[in-house]
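First the structure, in the form of structure tokens, and then the observations on it.
Here, each number is a calculation from the coordinates, and none is a lab measurement. On a predicted model such as this, the values are computed, not experimentally measured, just so you know. All Cβ positions, even for glycine, are placed from backbone atoms using ideal geometry, and neighbour counts span all protein chains on display.
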């Protein structure tokens, strides 16, 4: 199986390699750390080049080698995509690699890699153009295909390859699961003929459901890791594929088999996949995750100026529980004035009718005359008078069963001709011109009329497999979610400088596309639980901490220790407070005030640092035992460490290894009491005295 190298192209500290099989003509793609090029051992592997364009056209041959039904990878359509040419361009300050393929039937695919200077990852997508004279229907079309994992291992690399995935469910976001290739039965067979596949993903309009759209493969022997995130708001899939010594990672849109997706491309039309973000590095799971999520910095850096200092948010939801009013908001404002809050968010319920709960009445969005008898003008003015930016909540896409809009079935999504209905919700058809105008009037014009500077966009149910209106349910879903994203873009265009919060029952939309449009996101709906710091630390692997809004819900019954624990949670991301702020004692406020001052001190580290997780594996999120230490360090060595002690046997001391180059001088500490902490060599030593307690330190 002879191969020739088409090109080796340097992208920052990575080298992307395009190789061609001399036997089949197929062109494959892999990537390695640039410093490791001389360590490649691909000549010691037996592997077939897999075409970097993976697609399946209706009517073409399905995969063989027992692949049919498991995967559409390496279909007959893929075999017919022949490499044509490649060019590298500098476009508006970034690098683009365009690689062209052609099927003689008149189908062309352009693979586009985009690299932004200074970044530690790159983007990849594929574009299909139909230049034949007839319609053609796709039933699988991947965003990327990355092979040769690992090029630094001879043979099949037995015992050396790990697969990392990140699980998620409501209020349990971001749990890391690591498995060996052998445990997934992804070893090659004795004949290297049969196919082994692990296909996984999510179906529906909550892209973070069961899994994050993420995967990483680690060469444990060489200590090199490859990773990918998908930027997509609808159903998606990732595949780990193997037939011989070469392991492959690919993915993008959920295909016909996994997500009921088919797309007809008419003559002259072009169809583009979602974007994949890829990287490789010398290091482990936390290193590759940092490189991937750092790609989002360019978007938040270009966001509202006020966001660059990571201001503090107050949200009244856990104060009023969906029953905000002018009266209770003014009472809250009087109690939190001069405390240093920058944003005040009016959450759900401002629209609800008398006797109707907020969570089944969204969609009409008429301001409640009972709760706000003089409208919202005076409430917004009161927020501004206390020095805060006003924010408002919407659940844009969905309609509650008690809303009048629930009966507007001509404008709602359908499945099998019936309104697509879950227990409490239906869904707007976001491609319907009437809906677009309705939402423009209800959402955008309201933001403009009252001068809201912040919008929390919630999303509290999933469409599921898909909806009518396109070739398949899956394509109907994709089109609807594309229109939903475009509405968010319209909001940003028509309300310049708006601060957007991405929420979907907490963390169900924490994927790169939506995160790139928003300033921050609700990290979870785990508002008052002991596992908050575990979830918050998990999310460092999938979103930027500067975008991860973590709530500290303070109750008048809370002990000072409990308040310190809750406040310390927010040091793992963006600080947001809620709760019984109208009934707190001076001693309780002192713990909060000191925490807010510490947060402002470490905000540049949250914004610009890199995270290092220390401590034992936590078995149960709901019943945690042991401790967790999160180190976050800037490039200049300035760092902060947040330590949470859970239940179980309390150690006499906790020793936290500091990263290389970390500062060692203690500038300040935070806890409800005075924690005993000191640095000994390259180790921070903390002597805990109580379970369910937290402490933090700032090192310079």
Revision key, fill the gap. If each part is reduced to its alpha-carbon centroid, segment 249-310 and segment 619-652 end up apart, in Å, by 30
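Per DSSP H run of at least 4 residues, take -39500 (n - 2.57); add these up for the chain, divide by its residues and hand me the 222 nm value, nearest 500 deg cm²/dmol. Walk me through the intermediate numbers first.
On the way: 14 runs with 127 residues, N = 700.
Result for the chain: -5000 deg cm²/dmol, rounded to the nearest 500.
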Check your understanding: Which of 212, 351 comes first, and how do the rest follow, when ranked by fewest Cβ neighbours within 10 Å?
Key -> 351, 212
Practice item. Determine, for each peptide in 278-288, 489-499, 238-248, the mean count of other beta carbons within 10 angstrom over its residues, then list the peptides with the highest first. Key: 238-248, 278-288, 489-499
Exercise for review: Quickly work out the residue 401-to-residue 91 label distance, labels modelled 7 Å from Cα along the C-beta direction, and quote it in nm with one decimal.
Suggested key: 4.8
Check your understanding: (1) 1.10; (2) 0.98; (3) 1.45: which one is Cα Rg over 2.2 N^0.38 Å as calculated from this entry?
Key -> (2)
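Using packing as a proxy for protection, rank 357-370, 524-537 so that the peptide with the highest average count of other Cβ atoms within 10 Å comes first. Spell out each step's value before the answer.
Working: 357-370: 18.1, 524-537: 22.6.
The packing order, highest mean first, is 524-537, 357-370.
First check a/c for segment 3-298, with a ≥ b ≥ c the square roots of the eigenvalues of its C-alpha gyration tensor; if it is under 1.5, answer rounded, and if not, answer prolate when a/b is larger than b/c or oblate otherwise. Intermediate values should be presented prior to the final figure.
Details: a/c = 1.21, a/b = 1.17, b/c = 1.03.
The shape class here is rounded.
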Review point. Can you give me the Cα centroid spacing of segment 142-180 and segment 408-449 in angstrom?
Key: 39
**Study point:** Three-way shape call for segment 153-306 based on the alpha-carbon gyration tensor, with the a/c threshold at 1.5
**Key:** oblate
**Study point:** 0 to 90° range, to nearest 10: angle between helix 560-569 axis and the chain longest Cα axis
**Key:** 30
Check your understanding: When the Cα centres of segment 50-86 and segment 31-45 are compared, how far apart do they sit, in Å?
Key -> 27
